[in-house]
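What follows draws every value from the coordinates through simple rules; no lab data is involved. These numbers were taken from a predicted model, which means no experiment stands behind them. All Cβ positions, even for glycine, are placed from backbone atoms using ideal geometry, and neighbour counts span all protein chains on display.
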Amino acid sequence: MVSFTKPSILLWQGKISKEEMLSIEPDYILSGSSSYNFDFLPYDDYTILAVDKYNRRLNSE
């Protein structure tokens, strides 16, 4: 089991590739909680990535 100290869930609307994830900012960022509610999202497909300590100013590669 993976343990995160400050979890973030990154969501991109639609199905995208790894290269697109590295070059495009996420459409939604949910940070720093032990529970998440996705009821507010519009109905669509999403690409989801869970990371620890996400910082949009750092290089993703």
Taking the number of other C-beta atoms within 10 Å as the exposure measure, put K18, K53 in order starting with the fewest.
K18, K53
Neighbour-count ranking [beta-carbon atoms within 10 angstrom, fewest first] of S17, S8:
S17, S8
In nanometres, the difference between 0.36 nm per residue of separation and the alpha-carbon distance of K15 and Y28 is 3.3 nm
Which of rounded, prolate or oblate describes segment 7-52 when judged by the alpha-carbon gyration tensor and an a/c cut-off of 1.5?
oblate
